[in-house]
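Structure first, commentary second.
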Amino acid sequence: MATPLRGVPAVPTPTATQVPTPRAAGDRAVPLGTVLALAFLGSLGTGIVTTGIYFLTKESFRFSRDANFGLGLLQGFTYVVGAIAAGPAVRAARRALGVSTRTVLAFILILLGALCALPWIGGTLSPGRTWPVWVMIGLYSPITGTLWPVVEGYLSGGRSGASLRTALGAFNVTWAGAIVVGLASIGGLVERHAVELLLGLGVLHLATLVVVACLPREPGRHPEEHHDPHPPVYFGLLTTFRVLLPTSYVVSTALGPYLPTALSNLGVSKEWHTPIASSWSAARVVVFLALLRWHGWHGRWYPAVLAMLLLLGGFGTAILSPVLLGGTVGVAATIAGLVMFGTGMAAVYTAALYYAMEVGKAEVDAGGTHEALIGVGYTIGPVCGLVSGGFVASAGLSGGAFEPTMVVFVAVVALVGAGVAWRKAKAAIAEA
């Protein structure tokens, strides 16, 4: 599953409603190293579960292709429900119990850690059953919708301007890098030790409480930042990337559940599945660093076009290579496709973050629309996979027709999203 957009303190994050917290006594920011340690450990755990779960289910729990798409749909839907409910739920809990933001964060990590033990407990009680995985993801996914907004509050509190942008850049590279490390390191455990791996991630969530103990009870105040006037094109670009962001998640969540099947069809040994899958995350980290340091793309339209071409081209290459090529050439082409895909994802993500911060919160809808759009992206991706499988079966087509059918479905959805983005961008520029 695609990683959520993190680090937008002035506007709602696409994964969860920002959790309001009482103002701290001062404006002092939490040391960046502490927040980065929290981001690394948190993303190492949640990233492996949400992104690597499809490899674990296919190899250890014998999930079919469609079962993985169904799990992706469950993950996306419950994530959205949890994200929308996160703010009200946390506010209610804090009012009722009088606890601090730090305590809320600790409680979230304890819940996530406990859920990681569910497949082990379920396997002991009902050997060979898959229901513990479904229950775990159905509960784990929405709870993660409350984790990152709280962490982001500690990151942004007491920071503004250049200090905030520097912190956000380091934060984004840290959590994205953690996913690369996680996926690259679990390859040998996927086939026979999935339950133990999940149990270990639960222990990691609990160990993260040591870092949480170093945080203050509440984040620092988030200073108001005054934004200079921007050319009208910035408003159009903000609108464009706010639509392209959920569109990119359609592509991402169609790819994630199917990637284990694609690599198996190529004959790739099981221990290399997740390291190869991490190649798109590695490309994302590199592009994050490049675009954060090079600013020549600011205020220009070509990144939007290029990003969508890379997204769809990379997706199509990764999905079709096992069918059209196979062998060593197919593996190389799949990796190249994943790198293209990761580059496009990083470009959309970075631009969406940049324009949201540059234009400022006054120009960005502060309601739940953004979260709902991302939620649509999370759910449409797996639906494309399920619909493609149903279409191929009902039409009596051969098994090799599935991949091109899914590419067509996903491309149509993405192009519709691009068209909506263009129309909204023109309207935003006209109003600016």
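The values are calculated or read from the model by the stated rules, or taken from the named source; none is laboratory data. What you see is a predicted model; the values in this text were computed from it and never measured. Positions of Cβ are backbone-derived with ideal geometry, glycine not excepted, and every protein chain shown enters the neighbour counts. Quick note on the areas: whole protein, heavy atoms, side chains included, nothing else; ligands and nucleic acids left out. Shrake-Rupley method; radii C 1.70, N 1.55, O 1.52, S 1.80 Å.
Testing Y349 on (1) within 24 Å of L292 (Cα to Cα); (2) hydroxyl-bearing (S, T, Y); (3) touching a Pro at 6+ places or on another chain (Cβ under 9 Å), one condition comes back false. Which one is that? It fails just one condition, (3). Which of the residues belonging to the stretch 35-80 are aromatic (F, W, Y) and farther than 28 Å from E218 by Cα? Residues satisfying the conditions are Y54, F55, F61, F63, F69, F77. Among the residues of the stretch 309-362, those that are under 15 Å from V268 (Cβ atoms) and free of Cβ contacts under 8 Å to residues at least 12 places away in the same chain comprise L325, T328, V329, A332. Residues in the stretch 395-432 that are at pLDDT 90 or above and open to solvent by 60 Å² or more (accessible area, probe 1.4 Å): V408, F409, V412, L415, V416.
In the stretch 262-282, the residue that is modelled with the lowest pLDDT out of those that are touching a Phe, Trp or Tyr at 6+ places or on another chain (Cβ under 9 Å) and open to solvent by 10 Å² or more (accessible area, probe 1.4 Å) is K270. You will find that of A114, A92, A96, the residue that is part of a helix (DSSP H, G or I), free of Cβ contacts under 8 Å to residues at least 12 places away in the same chain and open to solvent by 50 Å² or more (accessible area, probe 1.4 Å) is A96 and no other.
So that you can scan it fast, the table gives a plain yes or no per residue for (1) under 18 Å from L353 (Cα atoms); (2) in contact (Cβ under 8 Å) with a residue 60 or more places away in the chain; (3) in a helix (DSSP H, G or I); (4) not basic (K, R):
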{"position": "T146", "(1), (2), (3), (4)": "no, yes, yes, yes"}
{"position": "E152", "(1), (2), (3), (4)": "yes, yes, yes, yes"}
{"position": "T166", "(1), (2), (3), (4)": "yes, no, yes, yes"}
{"position": "A178", "(1), (2), (3), (4)": "no, yes, yes, yes"}
{"position": "V181", "(1), (2), (3), (4)": "no, yes, yes, yes"}
{"position": "V195", "(1), (2), (3), (4)": "no, yes, yes, yes"}
{"position": "L215", "(1), (2), (3), (4)": "no, yes, no, yes"}
{"position": "G236", "(1), (2), (3), (4)": "yes, yes, yes, yes"}
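Restricting to the stretch 99-111, and then to whatever is hydrophobic (A, V, I, L, M, F, W, C), in a helix (DSSP H, G or I) and open to solvent by less than 60 Å² (accessible area, probe 1.4 Å), can you tell me which residue is farthest from E196 (Cα to Cα)? Applying the filter and picking the extreme gives V104.
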